[in-house]
Amino acid sequence: MDYFAHESAFIDAGCTIGKGTKIWHFSHIMSNCELGENCNIGQNVVISPEVKLGNNVKVQNNVSIYTGVTCEDDVFLGPSMVFTNVINPRSAVKRKDQYLQTRVGKGASIGANATIVCGHNIGEYAFIGAGAVVTKNVPAYSLWIGNPARQSGWMSEFGHKLKFNDAGFATCPESKEEYQLINHNVVKVK
């Protein structure tokens, strides 16, 4: 094995787990999941069948990732956050054929106790605040907070809130990379 799994973790048949990935106490990786290289799966995490995680995905303790979710490289999932996969669940009604897809873009961060309602995509480097309930698609580089979540600004790839000048440009205080706001979308200036 090129990955580490704590002795209390359960890994079902058919999973692909990348080199350097670590799976910690009491976590369950269900059938046919794909976990990339150098992921960190915290304690008491459930990853449902056929979920796909890219490389370097950090999943904190008590997270539930349900079928239909794909996380691209470098995604951060905060403690106790959860994805859903059925828009109108009922215990007595079987809806496995109605799972909706959710994609989390490269470098996005989702804060502790946030909920992502299924069928909504999170753009690259977006930042979802702790406790937010996302019920819409989230543009790349955007910051969302509250219940229901509303956009509260824009974030750099290093996780700093961007302040745009009158010409529509902002600079990350840490990386010094420049960003431009064009028609309510942010792009990194090359």
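Here are a few things to note about the model shown:
- Qualifying residue in the stretch 137-159 (condition: surrounded by fewer than 15 Cβ atoms within 10 Å (Cβ to Cβ) and more than 19 Å from the chain's Cα centre (by Cα)): no
- Search result, residues across the stretch 85-114 that are under 19 Å from ARG150 (Cβ atoms) and either surrounded by fewer than 21 Cβ atoms within 10 Å (Cβ to Cβ) or not assigned by TED's automatic domain parsing to the domain that holds VAL45 (or both): GLY111, ALA112, ASN113
- Positions within the stretch 1-17 being charged (D, E, K, R) and either buried (at least 17 other Cβ atoms within 10 Å of the Cβ) or under 15 Å from GLY42 (Cα atoms) (or both), in sequence order: GLU7
- Condition met for ASN55 (over 15 Å from the mean Cα position of the chain (by Cα), surrounded by 16 or more Cβ atoms within 10 Å (Cβ to Cβ) and part of a loop (DSSP other than H, G, I, E, B)): no
- Residue pairs whose Cβ atoms lie under 8 Å apart, separated by 6 or more positions or on different chains, with the first residue in the stretch 30-57 and in the same structural domain as CYS71 (by TED's automatic domain parsing) and the second at pLDDT below 95, are SER48/ASN85.
The values are calculated or read from the model by the stated rules, or taken from the named source; none is laboratory data. Model, not experiment: these values are computed from the prediction. Methodologically, a virtual Cβ is constructed for each residue, glycine included, from the backbone with ideal geometry; neighbour enumeration extends over all protein chains shown.
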